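The values are calculated or read from the model by the stated rules, or taken from the named source; none is laboratory data. A quick note: this is a predicted structure, and the numbers were derived from the prediction, not measured. In this analysis, Cβ positions are derived from the backbone assuming ideal geometry, glycine residues included, and neighbour counts consider all displayed protein chains.
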Amino acid sequence: MITGLTWLLACQLVGEVLVRLTHAPVPGPVVGMAVLFLLLHVRRAGEDATVVRAADGLIRHLQLLFVPAGVGIVVYLGALRADAVPIVVALVGSWLAGLAAVGWTTVLLERFLASRGSR
Amino acid sequence: MRDTWDWMVHSPVFLVLLTLVGYRLGRELRDRTGGHPLAQPVLVAIILIGTTLSLAHVDYADYRAGTELIAFWLGPATVALAVPLHRQARRLRGFVVPMLMAVPVGAVVSIATSILLVRICGGDELLARTMAPKAATTPVSIALSEGIGGLPPMTAVLTIVAGILGAVAGPAVLTLLRVRDRRARGLALGAVSHGIGTSRALVEDETEGAFSGLSMGLTALATSILLPLLVAVLL
């Protein structure tokens, strides 16, 4: 477990340092994800790798890690009530529009590319 | 007695314990209800903890500082999403082009509709700036909100609510929209509901979860690049 977590933190640190050096507009952990993906690929890591087991353990409880930020909603309940209409409409409307845009664009492009490839 | 009580409710030991217990009860409720979509552990935990804090008169700022230990692991957990992706790596073949086009399209739609809908419904410019980055995952949306002059802590809350919306309703809405391909479903969920949507996607299907995690990363990148441009044009 500790060895696996060490790998995860090392990848995150590499990501954070790369982001700061290049001023890239991406979060460090996302670059760390790319670094770990490449490492796993190059080393052909299997299910028994320590980092794989540690990662599965953390991901299983991903929702827990959002709780501290989420509890902040109690502070904003007053503000949310005052602006309830624009907040609810924009949040739900834009969430739905984004979901449909990505889902449909992906499916249409897949179909388009598949039909072009099979011709 | 009073001093000890005050010390206790503000100590990280109590606050971290409270968080773990709230989350544990949330998981219990999910299992008891046979995985009812509304019984998302994060949602149940937020309600239980929020209620407890207001009853015990603990400020949110104190709670947040005391639970830094838990929030810290969000970074390594994001890195960890490389693992499900690694398992699904061969399914990336033939999918790279649709993915790299759909994610920026999604980011533009998310940002533009956030800003326009807030303005149409009578919200002020500050609210529009606070709402605009909400599709990107929390650490990113907070930083972006600060950069464009929104209210970062409120952006964090809106981001979490968008995530919970995805965990609760995402799979059902995607089915209604007739998006059946596992990869496309994951991509869509990750693009609007980041890590919280990803955690639900992982429960649904490994492929869906892997692509949701990937989409979360790509959306963070696309939103970071596109947000300042769209804000300049629309506000």
> Is there any pair with a first residue in region A:90-119 that is not assigned by TED's automatic domain parsing to the domain that holds A:Leu80 and a second that is of a type in the set (Phe, Trp, Tyr) whose Cβ atoms are under 9 Å apart and which are 6 or more apart or on different chains, and what are they?
Replying inline: none
>> Anything in region B:44-67 that is within 8 Å of chain A (Cβ to nearest Cβ), part of a helix (DSSP H, G or I) and either touching a residue at least 12 places away in the same chain (Cβ under 8 Å) or crowded, with 17+ Cβ neighbours inside 10 Å (or both)? List them, or say none.
In response: B:Ala45, B:Ile46, B:Ile49, B:Gly50, B:Leu53, B:Tyr60, B:Tyr63, B:Arg64
> For B:Val97, which of the numbered conditions (1) in a loop (DSSP other than H, G, I, E, B); (2) surrounded by fewer than 20 Cβ atoms within 10 Å (Cβ to Cβ); (3) hydrophobic (A, V, I, L, M, F, W, C) fails to hold?
Replying inline: (1)
> What number of residues in region A:33-57 are free of Cβ contacts under 8 Å to residues at least 24 places away in the same chain, touching a Leu at 6+ places or on another chain (Cβ under 9 Å) and part of a helix (DSSP H, G or I)?
Replying inline: 3
> How many of the residues in region B:7-43 are surrounded by fewer than 14 Cβ atoms within 10 Å (Cβ to Cβ) and not in a helix (DSSP H, G or I)?
Replying inline: 6
>> Name the residue that is surrounded by the fewest Cβ atoms within 10 Å (Cβ to Cβ), counting only residues in region B:100-149 that are in a loop (DSSP other than H, G, I, E, B) and within 18 Å of the chain's Cα centre (by Cα).
In response: B:Thr137
> Taking only pairs six or more apart or across chains, which ones have beta-carbon atoms under 8 Å, a first residue in region B:118-141 that is at the interface with chain A (Cβ under 7 Å from one of its Cβ atoms) and in contact (Cβ under 8 Å) with a residue 40 or more places away in the chain, and a second residue that is assigned to a loop (DSSP other than H, G, I, E, B) and among the aromatic types (Phe, Trp, Tyr)?
Replying inline: B:Thr138/A:Phe66
>> Going by what's in this entry, would B:Arg183 be described as free of Cβ contacts under 8 Å to residues at least 12 places away in the same chain and either not assigned by TED's automatic domain parsing to the domain that holds B:Arg91 or not β-branched (Val, Ile, Thr) (or both)?
In response: no
> With respect to B:Val83, is the statement that it is within 8 Å of another protein chain (Cβ to nearest Cβ) and surrounded by fewer than 18 Cβ atoms within 10 Å (Cβ to Cβ) true?
Replying inline: no
